[in-house]
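Presented below is the structure to which this report refers.
The values are calculated or read from the model by the stated rules, or taken from the named source; none is laboratory data. It should be emphasised that the depicted structure is a prediction, and the values quoted were computed from it without experimental measurement. As a convention, Cβ positions derive from the backbone with ideal geometry for all residues, glycine included, and neighbour counts pool all protein chains shown. SASA here: full protein model, heavy atoms, side chains in, ligands and nucleic acids out. Shrake-Rupley method; radii C 1.70, N 1.55, O 1.52, S 1.80 Å.
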Amino acid sequence: MFKSLQIGRAIAALLVVFHHATLDSSFFYGTAFNDFWVFGNIGVDFFFVLSGFIIYWAHKNDQEGTFGAKVYAYKRLVRIYAPFILISVVMFSVYYFVPTLSQSDRNIGFISSFLLIPQEHTSPALSVSWTLMHELLFYAVFIVSYVRKKLLLIFSLVWSILILLYPLMHQKYFLADFLLNMHNIQFLLGMVLAYYFYNHEKVINNITKNKIIPSMMLAMALGYLSYIIFNKAIFSTYLNEYYVLLVGVGFFLLIVSMLLAEGALMCTKLFNSKSLLFLGAASYSIYLFHNPALSILNRFAAKAISIYPSLNSEFVFIILSALATFGGIAYYLLWEKPILSIMRKNIYPYFMEKIQPKKSGEANIYTPRP
């Protein structure tokens, strides 16, 4: 496990929490921090780049062929669906029986809510599921590597070119909007980074022998991201969808510098923070749980403000964000961690037994850990 990336996950999850808390604050109880934390949605971009890195890094040595592909698909589907399914069922049930609860007047779709397949004119019950749809798309693309690893590189190059050209088209299509969404290229950026780190170990080791280069890269990456984030209006006006690419490049540089800093033994206290490492482990549950939690908490906050108008909006914002985060942590401890443990100890061995090659000439020499 890269500790620096686990810390990054923790920070990215908190940024997303602050983003959604900011969007809701002005509607329910008053503007907090002058909407400063609205930029927190970039946490999603970080997760996309990081996911591309992690998937390639975790599966770079997998055996090509059907067996390896089945193991990979099982592990990825379990990782994304097992924590997700419970809260999705709850949210879908709530909206089904109380359709007026969603003040955004969304049309909730069954397929998008449970299978994470986009549906035109419908939305998933769990609003953040749109990001999981892109995650699954990348998982599906990566499975090409089990046919031939070089084929993945060719496919990714062609896909990247199509993504970069699509914004220039005048006519748009629903399926193309999803398949050629600029967010998808962020996964590919992460994959390229993992490929380079894996194949240039000597170069990386030479760089990390001196702390000057990692320090400079970290400063440059943070400076670049800050400039892009706080000048979003300018870039969005002239670059539109390409702003997402610029943010992805920023996180590409940031992850490079974080890995180099970790290799050079920089920021050791930060990278060894037990609290942040734990938050990183719980980041997926926090991401899944926080928005429904905020939706409920905001309604209580609105009533509290009406009774006690002297309550400070910033104070309410902090309390609600903390409660939503703690709720996500509880979801991690009570659901995500136990269900993944059950799947690993009980279901995975059974699955492996079922997919083992049975012909004598096809003995399996690849037994990956779950």
**OP:** Check F18, F97, F47, F36 and return the single one that is open to solvent by 40 Å² or more (accessible area, probe 1.4 Å), more than 17 Å from the chain's Cα centre (by Cα) and within 29 Å of F251 (Cβ to Cβ).
**Re:** F36
Original post:
(1) surrounded by 17 or more Cβ atoms within 10 Å (Cβ to Cβ); (2) touching a Pro at 6+ places or on another chain (Cβ under 8 Å): which one isn't true of R344, the others all being true?
Top reply: (1)
**OP:** Answer yes or no as to whether N298 is open to solvent by 30 Å² or more (accessible area, probe 1.4 Å) and at pLDDT 90 or above.
**Re:** no
Original post:
Do we have I11 as open to solvent by 70 Å² or more (accessible area, probe 1.4 Å), assigned to a helix (DSSP H, G or I), of a type in the set (A, V, I, L, M, F, W, C) and closer than 25 Å to F271 by Cα here?
Top reply: yes
Subject >> Filter result for Y224 (closer than 22 Å to E135 by Cβ, in a helix (DSSP H, G or I) and within 24 Å of the chain's Cα centre (by Cα)) >> reply: no
Subject >> Residue pairs meeting the criteria (Cβ under 7 Å; at least 6 apart or on separate chains; first among the polar types (S, T, N, Q), in the range 119-142; second part of a loop (DSSP other than H, G, I, E, B)) >> reply: Q119/G109; T122/N107; T122/G109; S123/R106; S123/N107; S123/G109; S129/L116
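Determine whether the range 164-172 contains at least one residue that is of a type in the set (F, W, Y), in contact with a helix residue (DSSP H, G or I) (Cβ under 7 Å, 6 or more places away or on another chain) and part of a helix (DSSP H, G or I).
Yes, that holds for at least one residue.
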**OP:** Can you confirm whether the range 137-145 contains a residue that is open to solvent by 40 Å² or more (accessible area, probe 1.4 Å), at pLDDT below 90 and among the β-branched types (V, I, T)?
**Re:** no
Original post:
Failed condition for M182, given (1) over 22 Å from Y81 (Cβ atoms); (2) in a helix (DSSP H, G or I), with all others met?
Top reply: (2)
Original post:
Can you spot a residue in the range 284-293 that is crowded, with 16+ Cβ neighbours inside 10 Å, modelled with pLDDT of 95 or more, more than 15 Å from A12 (Cβ to Cβ) and of a type in the set (V, I, T)?
Top reply: no
Subject >> Residue pairs meeting the criteria (Cβ under 7 Å; at least 6 apart or on separate chains; first free of Cβ contacts under 8 Å to residues at least 40 places away in the same chain, in the range 177-202; second part of a helix (DSSP H, G or I)) >> reply: L180/L162; L180/I163; L180/Y166
**OP:** Kindly list the number of the only condition in (1) within 24 Å of V147 (Cβ to Cβ); (2) surrounded by fewer than 20 Cβ atoms within 10 Å (Cβ to Cβ) that fails for R76.
**Re:** (2)
Original post:
Does the range 301-328 hold any residues that are aliphatic (A, V, I, L, M) and surrounded by fewer than 19 Cβ atoms within 10 Å (Cβ to Cβ), and which are they?
Top reply: A302, A304, I305, I307, L311, I318, I319, A322, L323
